[in-house]
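What follows is a short report on a single structure.
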Amino acid sequence: MKPYRYLLISLFVFLLDLISKFFLISKMRIGDEKEIFPIFTLVHWQNRGGLWGFLSNSSNKVTTIFFLIIPIIGILFIFYLLFITRDKVELVLLSAMIGGGIGNLFDRILNGAVTDFIYFHLPNNGWGWPAFNFADAFLSVSLFLYVLKILFKKEEKVAPYTL
């Protein structure tokens with residue numbers, strides 16, 4: 001299968017993220033929270049920063065460089081990796097990363113922040129995993145699995161050239 005066909009995975013991830021954020025924004029105001037289960041709450045939070053609010057209080061210039069320019073470079077690099085690999089698992093993982101990266105980049109360009117809505121937490125404790133969205137989930141999980149795959153990749157033995 002040609003690498004560009006795997007971009008359908010990217011499109012699926014992007015559309016899932018886009019539609020879920022659109023639905024959330026149409027049903028909840030920023031700051032709203034709705035507990036679904038004792039450990040899961042649907043929230044509508046906007047994150048100007050990065051992971052765990054990294055740089056969320058920085059100037060617009062800093063956040064523009066960090067969260068627009070660097071992700072574009074990262075996405076282009078992942079596209080490059082997509083077109084040089086022949087490993088099907090890597091193609092799937094890279095495609096999921098592209099979809100997640102584009103999803104959050106699109107959200108940041110459109111809203112000036114990333115919309116987070118999935119929030120897992122301990123009941124009655126106050127501690128919780130930082131809220132995230134589908135783009136974050138696909139990007140993080142696929143990146144983690146890709147790194148593991150690369151770290152534990154078996155070297156292919158090639159017979160030496162003979163005359």
Practice prompt. Could you pull out every residue, at least 5 positions away or on a different chain, whose amide H is within less than 5 Å of the one on Arg48? Hs are placed 1.01 Å off N in the peptide plane, and Pro or chain starts have none.
Written response: Val114
Practice prompt. Could you order peptides 90-98, 135-143 by the average number of other Cβ atoms within 10 Å of their residues, highest first?
Written response: 90-98, 135-143
Worksheet item: Under 20 Å Cα-Cα from Lys154, which lysines qualify once same-chain neighbours fewer than 8 residues away are excluded?
Response: Lys88
Worksheet entry | Under 12 Å, Cβ to Cβ, from Asn133 - net charge with Lys/Arg +1 and Asp/Glu -1 | -2
Worksheet item: Along region 79-92, what does the Karplus equation 6.51 cos²θ - 1.76 cosθ + 1.60 (θ = phi - 60°) give for ³J(HN,Hα), rounded to whole Hz, x for Gly and Pro?
Response: 4, 4, 4, 4, 8, 10, 8, 10, 6, 5, 5, 5, 4, 5
Discussion item. I'd like to compare 99-106, 146-153, 68-75: which one has the highest average count of other Cβ atoms within 10 Å, and what's the full order after that?
Written reply: 99-106, 68-75, 146-153
Fill in: Phi-based couplings in Hz for region 118-127 (Karplus 6.51, -1.76, 1.60; Gly and Pro marked x)
9, 9, 9, 7, 7, x, 6, 10, x, 7
Discussion item. List the residues, sorted by chain then number, that are 5 or more residues from Asp32 or on another chain and whose placed amide H is less than 5 Å from its amide H.
Written reply: His44
Worksheet, complete the sentence: Applied in sequence order to region 134-145, the curve 6.51 cos²θ - 1.76 cosθ + 1.60 (Karplus, θ = phi - 60°) yields integer Hz couplings, x standing for Gly and Pro, of 5, 4, 4, 4, 5, 5, 5, 5, 5, 5, 4, 5
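Read-outs: derived from the displayed coordinates by stated rules, not from any lab. Small disclaimer: the values here were computed from a predicted structure and weren't measured. In this analysis, Cβ positions are derived from the backbone assuming ideal geometry, glycine residues included, and neighbour counts consider all displayed protein chains.
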